[in-house]
1. Arrange the peptides A:347-354, B:182-189, B:408-415 so that the one whose residues have, on average, the most other Cβ atoms within 10 Å appears first.
2. Just to check I understand the Karplus step: with θ = phi - 60° and J = 6.51 cos²θ - 1.76 cosθ + 1.60, what whole-Hz values come out for region A:233-245, glycine and proline as x?
3. For B:Glu311 and A:Asp257, what does the FRET efficiency come to when R0 = 45 Å and r is the distance between their Cβ atoms, rounded to the nearest 0.05?
4. Report, for region B:261-423, the % of DSSP beta bridges that are antiparallel, rounded to 5.
5. Starting with the highest mean, order A:225-232, B:124-131 by the number of other Cβ atoms within 10 Å, averaged over the residues of each peptide.
6. For B:Thr71, list long-range residues whose amide hydrogen, built 1.01 Å from N in the peptide plane, is under 5 Å from its own amide hydrogen.
7. What percent do you get for the relative contact order of chain B when only Cα pairs under 8 Å and 6+ apart count?
8. Distance in nm between label sites at A:Glu367 and A:Ile169, each 7 Å beyond Cα in the beta-carbon direction?
There are 2 protein chains.
Amino acid sequence: MIDKGFDTEILSVGTELLLGHVTNTDARDVSEMLSKIGINVRYHTVVGDNPERLRRCVEIAKSRADIIITTGGLGPTCDDLTKQILAECFGLPLVENQAEREGLYDYIKYSRNFTPNNYAQALLPEGCTVFHNSCGTAPGCAFEKDGKTVVMLPGPPKECQAMFVRSAIPYLQKLSGGQIVSHSLRIFGIGESAVDQLFREEMDRMVNPSMAPYAKECDCLLQITAKADTAAEAEEMIRPVMEEAAGRLGEFVYGVDVECVEEAVFALMEKNGMTFAAAESCTGGEVAARFTDIPGASAHFLGGAVTYTNEMKAKLLGIDPALIAEKSPVSYEVAYEMADRIRKISGADIGVGVTGLAGPDGDGIHEVGTVFVSMAAADGVWVRELHLGEHRTRSFIRRLAGNHVYDMMRRYMTGLRILGAEKTI
Amino acid sequence: MIDKGFDTEILSVGTELLLGHVTNTDARDVSEMLSKIGINVRYHTVVGDNPERLRRCVEIAKSRADIIITTGGLGPTCDDLTKQILAECFGLPLVENQAEREGLYDYIKYSRNFTPNNYAQALLPEGCTVFHNSCGTAPGCAFEKDGKTVVMLPGPPKECQAMFVRSAIPYLQKLSGGQIVSHSLRIFGIGESAVDQLFREEMDRMVNPSMAPYAKECDCLLQITAKADTAAEAEEMIRPVMEEAAGRLGEFVYGVDVECVEEAVFALMEKNGMTFAAAESCTGGEVAARFTDIPGASAHFLGGAVTYTNEMKAKLLGIDPALIAEKSPVSYEVAYEMADRIRKISGADIGVGVTGLAGPDGDGIHEVGTVFVSMAAADGVWVRELHLGEHRTRSFIRRLAGNHVYDMMRRYMTGLRILGAEKTI
């Protein structure tokens, strides 16, 4: 699978990265996209806005990589050195690009902060392919020289991603001999190490297609990748492997090529024309916030109650305060009521509830990490008691509790058994 | 401010970083902490689990840095190469550390996945200072050889951070001549470029203390750093600069050394013993979720209603459907009712509301990015109409709308004018 001639280094330029003020998400995003088109990233380097150190980093990259992709340092200020140094290291003069200068003029004449140094952005290495920046002012570019391919992208993540997808991928794809296709099975309910054990023999044996498990924040994935002359052939190679793997993982697969379990729930709700509402305690609105971050969520999410106190559970949901006092707010019974009542109040097809202890403080009764998740539908109410780990962080427990809520909905909508939960009507 | 002899390179080892499956937060976290103790990070490098490439990266780091800090690759599997290669590059044998081996035995005898290769983690470079891992199994270490200082940290972010703070900082601090102290003013309501203009002259002139502005996701900060023989002296140097800068930025400073505006609101609520509740539409629970992610939030946040549909605004908050139909759900009047009613329902000191269009679809009336934020308190209700930019992403608009909600609360609790809003009672 390793192509000679496609070893890539991503060189990110910016002192703010070395101070730890900014995380290098550009290197991650570009790496992820490159791996999908069959280009192997071998190194990431970060260097500050210092001409001498940047020059030395470019020389090292030239010595060990075939493709050098820079991010950052294309702006108008004196800190922005990338184009000058790269052009210099490859012996190319910078020349003004007329179209980009005119574009800059259009853009900045409306800006409150117009300064003539903005025009420096239109200076580009002679003979390069110009990448217009659809989200900002600084253009990127690419050129081939001395047997190396150089691609320069802007630093702001949105600009970097947009330019990579729109301009750099088509430019680079012509270098890659063949097409890489990659799909991932997203898995919730069993961990990366269990997936690793399940497929150890295949992973050691298979080369093309290949498979590998990866841990994500609160779930994991199995990625299957193939390379062939055409995308259709690569798809054909992947299909039986995907089917076999999905069959073996069974109910734990929540989606293919999705990013999170709420995205899978969104797709199922689209398919079935269903709606839901949420009553949240320990997740504090996060279950609602995660779903509503998906464009189009309003067709399926009606609303929710964040009932952080016992009083709010009574006022917004009408739960009997005596029940809460008797059973404690972190209980099977209160979780049951939360899902059932938010469903009835909202008129949604599904109501979900979540109450528990995300920590760091406990309630003197339950250990931190104790969470009850619940789901009410036309044909029953299910409640599940979870122990998500008392040494976990508050954020982790909240996130994982939310995944369990979404996984209950997924299982309900696909007719799977609802794990560990009890059907009570 | 640049010390000869403290140039640092952070070398992160792991193929998952090069595939883009994981973001290199270790390099960011370690960089941020190093900058606070006066150690200059010059380079970050990422390399995969490949002995030959790792070896070459170590050689490059030796040639250009005085301190090499590695992250990752200390675990028990055959992919974990960092200790072996570093020891080899510095001509040190690996020897088994008896205390760590016994610690591993205690740890893994309870583990379901015990395998003898776990003991490889107790092999460490001869003569090194061992850093015990309080959050995991793989110990880290540090040594000095050939005029270089080497520190090895585990890859999982929680383990890396904990070990850095507990073991690496004390180890490194003895190398640094003097103490660095740094504070940041967090700013909302004016942008990084305006801050840059406001302090351009000082920033160009000042060396110690120094100041620099940085953009964050939806706000910015001004960082002021000083170096002196003792921390107290550095604090003394920073104090007048902080006072002057805070005075000039005035009402736009929402906190010192805080991470986000909800943290500033949390601190003010702690101080004043106040509570709040939230009625959210376009932010979909995110205002509640952000606050409740703070440990201790339950003392100040009573709850909220996520009223994503008109019906839920009527059912959960009791807003007259005729008003919604007449004025539209994205309106001054509906925002007013949301804040006022959630305050009355919950009995909180402050009620906040937010309704708007986060996009990408519009409502045919307002442009995307139109958001009304509102706040009700004992002495009035305030509503503000915002236009957050129709070309912004859904996530950005939601985040920024939430910042405006929190900033209203901050301004109210500190007696500042509430920007652009109207007091109506």
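Coordinate-derived values only; no laboratory data. Note that the structure is a prediction, hence the values are computed from the model and not measured. Positions of Cβ are backbone-derived with ideal geometry, glycine not excepted, and every protein chain shown enters the neighbour counts.
1. With the highest mean Cβ count within 10 Å placed first, the list reads A:347-354, B:182-189, B:408-415.
2. Going residue by residue, I get 5, 4, 4, 4, 6, 6, 3, x, 5, 4, 5, 4, 5 Hz, with x marking Gly and Pro.
3. According to the calculation, E is roughly 0.85.
4. Here the share of antiparallel DSSP bridges comes out near 60 percent.
5. Sorting A:225-232, B:124-131 by mean packing, highest first, produces B:124-131, A:225-232.
6. B:Leu11, B:Ser12, B:Val13, B:Leu153
7. Here the relative contact order equals 10 percent.
8. In this crude spin-label approximation the distance works out to 4.6 nm.
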